[in-house]
1. Report the relative contact order of segment 15-68, percent, no decimals, based on alpha-carbon pairs under 8 angstrom and at least 6 residues apart.
2. What distance in nm separates the two pseudo spin-label positions at residue 44 and residue 15, each 7 Å out from Cα along the beta-carbon direction?
3. Measuring from label point to label point, each 7 Å out along Cα→Cβ, what is the residue 74 to residue 8 span in nm?
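Derivation of every value follows stated rules applied to the coordinates shown; laboratory data play no part. Computed from a prediction, not measured in an experiment: that's the story for all the values here. Here the Cβ positions follow ideal geometry from the backbone for every residue, glycine too, while neighbour counts run over all protein chains shown.
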């Protein structure tokens, strides 16, 4: 996920961002344990296929901002593309060689 910095920092330099997420239909928000200092973050360990909402707060010495609320999104398999690419590369390699003892995956990214 990514966001833009607030237009007004309240007169104090930002110290970072607090990120929270909530499974759609749940009442409680989960806080990401780390404070983020960048304008993007990857939330890990979400369940594939479930929908989540996210919100981001800016933090500084003056306190915490009102949240920036995102629309619900569906969690996807973060390795889906890599799994597919590994499968295609392995298939191509094995079909183009007679010696399959030395497996090499090339051009993965």
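1. 43 percent
2. Output for this residue pair reads 2.5 nm.
3. Inter-label distance under the simple model: 3.9 nm.
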